[in-house]
Amino acid sequence: MFIPPPCGRSITLAAVFFGSSLLHGAEPPKPAILAERVITATKTETERWRTASSVTVIDRKKIDEQQLEMVPDALRQVPGLTIADRGTSGSVNGIFLRGTNSDQTLVVIDGRPVPANLAGLYNIETMTLDNVERIEVLRGPAASLYGGKTLGGVINIITRSGRDLKKPETMLSFESGSFGTFRENLGTRGSAGIYDWSLELSRQDTQGYRINSQMQLSNAAAKFGAQLGDTLRLDLDLRYYNADVGVPGASAGFGANDPDDHVLSEYWSISPRIVWETTEHWTQTLTYQLGNFRQSSTNFGGGFGLNNRITTRSHFWEYQSVFKAADWWTITAGAWLQDIGYSRYNDDPPGIFNPGGNSYDVDQAETNWAVFLQSQAEILPGWNILGSIRHDEYSDFDDATTWRAGTSWRMPWAQTILHANYGTAFAPASPQNREAALFGNPAFLKPEQSKGFEFGIEQPFASHKATFSLTYFRNSISNLIVFTPPFGPLQQINQARTEGLEAAFNWQPADYFGFNAQYTYLDADDLTAGTRLVRRPRHMISADTWVKPVPKLRIGLGAFYTIDREDGFGAAQRDIEDYLRLRLTASYEVSRNLELFARVENLLGERYEEVLGFPAMRTGAYAGFRLRF
């Protein structure tokens, strides 16, 4: 099904989807560009340029070469995406994708939604990259496939599998360094007969550089698969982590350093998935996930309701059907059901903000079901048109119908790729924003809504050893929930806007040298109040270059430069300093089985704050080894 663009001009279904046999009688020319395939943009494996979307991929090779360890480390390299942390390991991270709020970007693992905390945020600060094969970041409204919380886009963390490996692989690594940091990791994956597996175990301990900024993190992730027949496969995904994080608080004012404050968080999930290739042209998938997130905050001082225990529990079902109607036309349809329960129990005695004292002040549940339909068609060789529509119904919110239309064209003579799309999205208010016990407003039943479009160009050159891309985007957001100091009230503003440019350049002229850079220009404004949205830098530049002076030695230098930000609330909103952060990495392959590595974070010792009042980590040096056998 193709959804007409908002300008009102119609394109007939016959021209879009059925085309004449003359147009599709011959195989289209193979692209000269390496056909990078992605899943997130269409929920089906598709060549990236055909999706009409902006998708950034951080693959396993980049994770290893750049010695990235946590999910936020990888996301900082994505154009249009800002990470704002509180300066210590395991501290809360904000995600601002194309200027949207942190609870307006969906995080999924292999397409399965991750249970969020009461603020609608995902604890990505305690998510390791141990068992990650790649991360795909879809930028732009994505509700027509993924439902709510997708004004900014979708972050899909795709895990490793042992499927089709000819012999098992085992990896053992150890690292130590500044701030009393130790990290150990053990992983194995492989296949035997109809079965395959992937298992990762890791532990990280750090004392931090401020009083009470320590973290102890244990992580386990496993995927087991069984090929039950030529056309039937079963996957079972299991994951668990436990993090104990000290909370030093802001450098001044409310929440200043206390050596006893800490937060214990735990997450586990179990998720089976069945994939049935019903016919040569039809594949059906059924996924179930039971996810549970718990958080306990202790020693924060009585009377404020800060000593508490929070639980989020999620049941998720999704059915998906992919039908290839023709070589040039694919139809995807599905249904989605999610039931979420959340609660908070106060361990504080009665006080100013929790007059009830020791009791449940939050105990709610909500259900969401949805159906969606998508069409992908190559109506002419190199010219793709996509359309999708989804209807969501909620037990506690207004219903929502969202849609997207996009097109991409690859010029055969120059391999230039042009793409454009328009979509709508929505985000229901998080529990924190609507629960009175959390300073929220129970009247926030109308979801935040957006209309967004983008258009861009990607051009390879230098015999396809280099590429340049440029994308313009704009989102118009209504009913945006904003905070007013010092403790509210929250309010829904009439209008906000985010718009900007994303540019990327990649060049690898030889096996011994490479360079890439990304630049983002962003305007993110509260149009109702006439102010900027905080923690969204106007300019972001990131770059990475590497050399191999000898085949077994790799040296890399990465840079991240942030310019023109504001933070604070109300009359206290103000400019905060720009900063340049460098990281130096080196690795040496001693033998086929042994690799030594080292890195320096914040090489110049830059003093800055990503969140006002929370100083960032100073210079740190780390080294270790990795065994493969």
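The values are calculated or read from the model by the stated rules, or taken from the named source; none is laboratory data. Predicted, not measured: the structure shown is a model, and the values here were computed from it. Note: ideal-geometry Cβ built from the backbone for every residue, glycine included; neighbour counts use all protein chains shown.
Do we have any residue at all in the stretch 433-456 that's surrounded by fewer than 21 Cβ atoms within 10 Å (Cβ to Cβ), hydroxyl-bearing (Ser, Thr, Tyr), touching a Leu at 6+ places or on another chain (Cβ under 9 Å) and outside any loop (DSSP other than H, G, I, E, B)?
Within the stretch 433-456, not a single residue is surrounded by fewer than 21 Cβ atoms within 10 Å (Cβ to Cβ), hydroxyl-bearing (Ser, Thr, Tyr), touching a Leu at 6+ places or on another chain (Cβ under 9 Å) and outside any loop (DSSP other than H, G, I, E, B).
Looking at the stretch 297-314, can you tell me whether even one residue there is modelled with pLDDT under 95, part of a strand (DSSP E or B), small (Gly, Ala, Ser) and farther than 29 Å from Phe397 by Cβ?
no
Identify, from the list Tyr422, Tyr342, Tyr360, the residue that is free of Cβ contacts under 8 Å to residues at least 40 places away in the same chain and assigned to a strand (DSSP E or B).
Tyr360
Taking the conditions exactly as written (at pLDDT 95 or above and closer than 26 Å to Arg538 by Cβ), does Leu470 satisfy them or not? Steps first, answer last, please.
Details: at pLDDT 95 or above: yes; closer than 26 Å to Arg538 by Cβ: yes.
It is true that Leu470 is at pLDDT 95 or above and closer than 26 Å to Arg538 by Cβ.
Among Thr619, Thr585, which is among the polar types (S, T, N, Q) and either under 22 Å from Asp523 (Cα atoms) or more than 25 Å from the chain's Cα centre (by Cα) (or both)?
Step by step, each of Thr619, Thr585 is checked, and only Thr619 is among the polar types (S, T, N, Q) and either under 22 Å from Asp523 (Cα atoms) or more than 25 Å from the chain's Cα centre (by Cα) (or both).
Any residue at all in the stretch 99-108 that's modelled with pLDDT of 90 or more, among the acidic types (Asp, Glu) and not in a strand (DSSP E or B)?
Scanning the stretch 99-108 turns up at least one residue that is modelled with pLDDT of 90 or more, among the acidic types (Asp, Glu) and not in a strand (DSSP E or B).
Out of all the residues in the stretch 363-385, which are over 22 Å from Val322 (Cβ atoms) and assigned to a strand (DSSP E or B)?
Hits for the stretch 363-385 are Asp363, Gln364, Ala365, Glu366, Thr367, Asn368, Leu380.
Look at Ser89 and say whether it is part of a strand (DSSP E or B) and among the small types (Gly, Ala, Ser). Spell out the reasoning first.
Working: part of a strand (DSSP E or B): no; among the small types (Gly, Ala, Ser): yes.
It is false that Ser89 is part of a strand (DSSP E or B) and among the small types (Gly, Ala, Ser).
Kindly indicate whether any position in the stretch 495-509 is surrounded by fewer than 16 Cβ atoms within 10 Å (Cβ to Cβ) and of a type in the set (D, E, K, R).
No, every residue in the stretch 495-509 fails to be surrounded by fewer than 16 Cβ atoms within 10 Å (Cβ to Cβ) and of a type in the set (D, E, K, R).
Please state which one of Ala571, Ala524, Ala598, Ala529 is modelled with pLDDT of 95 or more, of a type outside the set (Val, Ile, Thr) and out of contact with any Gly (no Cβ under 7 Å at 6 or more places or on another chain). Lay out the reasoning, then the answer.
Numbers: Ala571 fails: modelled with pLDDT of 95 or more; Ala524 fails: out of contact with any Gly (no Cβ under 7 Å at 6 or more places or on another chain); Ala529 fails: modelled with pLDDT of 95 or more.
Selected residue: Ala598, the only one of Ala571, Ala524, Ala598, Ala529 that is modelled with pLDDT of 95 or more, of a type outside the set (Val, Ile, Thr) and out of contact with any Gly (no Cβ under 7 Å at 6 or more places or on another chain).
I'd like the residue in the stretch 315-340 that is surrounded by 16 or more Cβ atoms within 10 Å (Cβ to Cβ) and either over 16 Å from Tyr146 (Cα atoms) or among the β-branched types (Val, Ile, Thr) (or both) and, out of all such residues, is nearest to the chain's Cα centre (by Cα).
Here the answer is Ile340.
Being at pLDDT below 85 and of a type in the set (A, V, I, L, M, F, W, C) is true for just one of Ile83, Ile33, Ile39. Which residue is that?
Just a single option satisfies the conditions, and that option is Ile33.
Looking at the stretch 379-406, which of the residues that are among the charged types (D, E, K, R) and surrounded by fewer than 21 Cβ atoms within 10 Å (Cβ to Cβ) is farthest from Leu418 (Cα to Cα)? Before the answer, list the steps.
Residues of the stretch 379-406 that are among the charged types (D, E, K, R), as a first pass: 390, 392-393, 396, 398-399, 404.
Adding the requirement that they be surrounded by fewer than 21 Cβ atoms within 10 Å (Cβ to Cβ) leaves 393, 396, 398-399.
Working: Glu393: 35, Asp396: 41, Asp398: 36, Asp399: 34 Å.
For the stretch 379-406, the residue satisfying everything is Asp396.
Please enumerate the residues belonging to the stretch 487-523 that are of a type in the set (Gly, Ala, Ser), farther than 17 Å from Ser54 by Cβ and within 23 Å of the chain's Cα centre (by Cα).
Ala496
For residues in the stretch 586-608 being among the aliphatic types (A, V, I, L, M) and crowded, with 18+ Cβ neighbours inside 10 Å, which is nearest to Phe629 (Cα to Cα)?
Among residues in the stretch 586-608 that are among the aliphatic types (A, V, I, L, M) and crowded, with 18+ Cβ neighbours inside 10 Å, the one nearest to Phe629 (Cα to Cα) is Val600.
Can you name the number of the only condition in (1) at pLDDT below 95; (2) under 23 Å from Thr424 (Cα atoms); (3) buried (at least 22 other Cβ atoms within 10 Å of the Cβ) that Val137 fails?
Result: Val137 passes all but (1).
Which is of a type in the set (Phe, Trp, Tyr) and either surrounded by 18 or more Cβ atoms within 10 Å (Cβ to Cβ) or closer than 20 Å to Pro79 by Cα (or both), of Phe569, Phe560?
Phe560
Inspect all residues belonging to the stretch 281-290 and state whether any of them is within 20 Å of Met215 (Cβ to Cβ), crowded, with 18+ Cβ neighbours inside 10 Å and touching a Lys or Arg at 6+ places or on another chain (Cβ under 9 Å).
Step one: filter the stretch 281-290 for residues within 20 Å of Met215 (Cβ to Cβ), giving none.
Within the stretch 281-290, not a single residue is within 20 Å of Met215 (Cβ to Cβ), crowded, with 18+ Cβ neighbours inside 10 Å and touching a Lys or Arg at 6+ places or on another chain (Cβ under 9 Å).
I'd like to check something: does the stretch 464-476 contain any residue that is buried (at least 21 other Cβ atoms within 10 Å of the Cβ), in contact with a strand residue (DSSP E or B) (Cβ under 9 Å, 6 or more places away or on another chain) and aromatic (Phe, Trp, Tyr)?
Yes.
For the stretch 156-243, which strands (runs of 3 or more DSSP E) that fit wholly inside it have 3 or more residues that are closer than 25 Å to Arg294 by Cβ and of a type in the set (D, E, K, R)?
Values: elements: 169-177, 181-192, 195-206, 215-227.
Result: 195-206.
Within the stretch 390-401, does at least one residue satisfy the condition of being closer than 17 Å to Thr105 by Cα, part of a strand (DSSP E or B) and without any contact (Cβ under 8 Å) to a residue 40 or more places away in the chain?
Within the stretch 390-401 (the criterion being closer than 17 Å to Thr105 by Cα, part of a strand (DSSP E or B) and without any contact (Cβ under 8 Å) to a residue 40 or more places away in the chain), the answer is no, since none of the residues qualifies.
Identify, please: which residue in the stretch 128-146 is within 13 Å of the chain's Cα centre (by Cα) and of a type in the set (A, V, I, L, M, F, W, C) and is, among those, farthest from Leu373 (Cα to Cα)?
It comes out as Leu129.
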